[in-house]
1. Take the alpha carbon gyration tensor of region 329-404, find the square roots of its eigenvalues, order them as a ≥ b ≥ c, and report rounded if a/c is under 1.5; if not, report prolate when a/b exceeds b/c, else oblate.
2. Quick check for me: using +1 on Lys/Arg Cβ and -1 on Asp/Glu Cβ, what's the dipole size of region 29-173 about its Cα centre, in debye to the nearest 20?
3. For the chain, just say rounded, prolate or oblate: build the C-alpha gyration tensor, square-root its eigenvalues into a ≥ b ≥ c, call rounded for a/c under 1.5, and beyond that prolate if a/b exceeds b/c, oblate if not.
4. With a/c under 1.5 counting as rounded, go ahead and sort region 1-114 into rounded, prolate or oblate using the C-alpha gyration tensor (a ≥ b ≥ c being the square roots of the eigenvalues; past the cut-off, prolate if a/b is larger than b/c, else oblate).
5. What's the local net charge at residue 155, with K and R +1, D and E -1, over the other residues with C-beta under 11 Å away?
6. Would you please give the residues with an amide H less than 5 Å from that of residue 28, counting only those at least 5 places away or on a separate chain, with H modeled from the backbone geometry?
7. From the phi angles alone, apply the Karplus equation (6.51, -1.76, 1.60; θ = phi - 60°) to region 125-136 and give each ³J(HN,Hα) in whole Hz, x where the residue is Gly or Pro.
8. How much net charge surrounds residue 232 when only the other residues with a Cβ under 12 Å from the Cβ of residue 232 are counted, with Lys and Arg +1 and Asp and Glu -1?
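Please treat every number below as a calculation from the coordinates, not as lab data. This structure is a prediction, so every number in the text was calculated from the model and none was measured. As a convention, Cβ positions derive from the backbone with ideal geometry for all residues, glycine included, and neighbour counts pool all protein chains shown.
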Amino acid sequence: MTANPHETALLGKIASHEARLAILGLGYVGLPLATEFALAGFRVCGIDPDAPRVESVNRGDSYIGDVNSAVLAGVVAKQLLRAATDPAAIGDCDAVIICVPTPLRKTKDPDVSFIVDAVGRVRAHARAGQLVVLESTTYPGTCEELVAPMLAESGLEVGADLFLAFSPERVDPGNKRFTTRNIPKVVGGITEASTRVASALYAQIIERVHPVSSTKAAEMVKLLENTFRSVNIGLINELALICDRMGLDVWEVIEAASTKPFGFMPFYPGPGLGGHCLPIDPIYLSWKAKLLDVEASFIDLAAKVNAAMPRHVVEKIAAALNDEAKPVRGAGILVLGVAYKRDVADVRESPALDIIKHLLARGATVAYSDPHVPRLRYDGLDLAAVEPTPERLAAADCVAIVANHSAFDYAAIVRHARLVLDTRNATKGLAGQARVVKL
Ligand SMILES: NC(=O)c1ccc[n+]([C@@H]2O[C@H](COP(=O)([O-])OP(=O)(O)OC[C@H]3O[C@@H](n4cnc5c(N)ncnc54)[C@H](O)[C@@H]3O)[C@@H](O)[C@H]2O)c1
């Protein structure tokens, strides 16, 4: 077999780190990736239509928790990383990585318009010998059915002149142990050559690359991972509701079941799913399955159970207040943690938003504390964070722990508050004057 000259040339540039990279989308996924490649000595251009983000990157000022500003400023100063709103730089690049959002439409169908927009920009500047990688989470078949045909309109042969691969992003914002470098990376190309060049590129910054046979398999890997989490969280949320009705502490049950050394993996209940992945990604899969006439029953059921949790939290608050002969109307509720999970600033799809809205609709007075979210301006809400001082904790009719940030002083919370609704088992083993009601 004669080697493809484009493949040989690109592999050479990757190995010598002379390959120039463009990263489309400088968000939670794109900015850490761009920084990591720049740290490895690649010249990277980040492209994003969001001008304030672009200016911030070029000032070396990070807006993503997992990217340290000093590190960012270092690679910007060395001219290894720069950002632009203009996609023209794509033409000078050897590899283009797309990290744009993949939300849902109002109708709960996949919204791939950001992918279409980004691929359109790549097509306009495409040239032979480039590699295009899609990292955005999407339904299996996106690269084959949508991206490849769009790129082929450039006149280049996709997979031979223009390499195309899918590599799912697995970043876990706020996780200090697993970061871009040590999270293994799955790569699937539209052709074997595409898999080889994309794997070679990621191997420069990632300890372990795991190639799969196709873009579709790689797309499915990501959806399996997130569906696995969503379904298991749905199951444990359902178990929490059953335990609640039986007067059992679900946390005690999970802890005991976790002593089994095989065949069990603990998942924990909570106030509902949030963030940009778990509430959304499985729906991409069930949407595609429906098109193929397969019913994704587990996915839809888990989504339903998980979506009902914020309302369950509000009912628990109402019942706990009722025990003290207090109505929700007029009660002062202090919500602790509005981010969708521990130690992050991301409020997208956060269950706290629904909880606050339900409480407000029922006439409660709601304040919130969150060291990561000084202002909550989202989804029709506009609130400023307050400090969880002993006086505020004592004054609240109920303190609801929704995101268990490590910065909260849980001992002080149970010492000063009168009633605590703990959706995360954050007060485990702590005693104080508060009556603690667990999820
Ligand atoms: N956030 C996570 O933890 C995470 C983890 C794994 C996978 N993902 C997936 O990765 C993708 C990106 O997620 P994110 O959290 O980084 O999103 P984000 O919203 O933080 O960032 C996306 C960026 O893309 C930019 N953008 C929009 N259209 C563009 C275009 N046409 N060209 C260039 N840039 C464009 C936006 O301005 C924004 O800055 C999504 O598919 C998401 O599901 C996210």
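1. Verdict is oblate for region 329-404.
2. Dipole about the Cα centre, nearest 20: 280 debye.
3. prolate
4. Taking the square roots of the gyration eigenvalues as a ≥ b ≥ c, region 1-114 is oblate.
5. Charge balance near residue 155 sits at -1.
6. Excluding prolines and chain starts, which carry no amide H, there are no hits.
7. Each residue's phi maps through the Karplus curve to give 10, 6, 8, 4, x, 8, 10, 10, 10, 9, 10, 4 Hz.
8. Charge balance in the 12 Å sphere: -1.
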